[in-house]
1. Angle check, please: helix 56-82 long axis (alpha carbons) against the longest principal axis of the chain (alpha carbons), in degrees 0 to 90, nearest 10.
2. Tell me what the chain gives for mean residue ellipticity at 222 nm when only DSSP H runs of n ≥ 4 count, each as -39,500 (n - 2.57), the sum divided by the residue total, rounded to 500 deg cm²/dmol.
3. If we count every other residue with Cβ under 14 angstrom of Ala104's Cβ, Lys/Arg +1 and Asp/Glu -1, where does the sum land?
4. Once you have all Cα-Cα distances for the chain, histogram them in 10 Å bins from zero and send the whole-percent values.
Amino acid sequence: MEETSDTPLTVTQVLCAMEERDFWDRRLSTRYRHLQIAFQETDAELKIDNTTPFPKSIALLEMQAIWPSFRDQTCKFETALWGWGSTSGLEEVTCLMRVTAEQALYLERQPDGDF
C-alpha cells in the first residue's frame, strides 16, 4: 500500500490491513478446500457418511460454516471495547485480519491424512 501526502494515515492503515486480511482469507480458503477434499476421500475410503458420528469432512464443513459468525461477533466486541471513534474502522479491520489469520493457521496445523 503506497501512502501519498494527501492520504490520511488512518485510511492508509485501514487499506493496508484490508490487503493483509484478504491475503489471510485466501490462505484460509485454500487450506479449507484442500482439507475438505482430503477428508472427503478419507471418509469415502472408510465408508463414513452423514450417519457416522465423526465424518471429518462434515465436521470441517460445520465448523467452517459457523466460523464467520464467530469472527464477526469477536471483532464487533473488540471494536466496541475501543469505542466508535475515528480509529474504529482500523480496529475492526485489524481484528478481522488477526482472527482470519488465526483460523488459517489453525487449519494449516491440522493433519490432512489418516490419523
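1. 20 degrees
2. On the way: 3 runs with 85 residues, N = 115.
After summing the helix terms and dividing by the residues of the chain, the value is -26500 deg cm²/dmol.
3. Values: positive: Arg21, Arg26, Arg27, Arg31, Arg33, Arg71, Arg98, Arg109; negative: Glu20, Asp22, Asp25, Glu102, Glu108.
With Lys, Arg at +1 and Asp, Glu at -1, the neighbours total +3.
4. Taking all Cα pairs of the chain, the binned fractions are 13, 34, 26, 16, 9, 2, 0 percent.
Bear in mind that the values in this text are calculations on the coordinates, not laboratory data. Nothing here was measured: the structure is a model prediction, and the numbers come from that model. Virtual Cβ from ideal backbone geometry, glycine too; neighbours counted across all protein chains shown.
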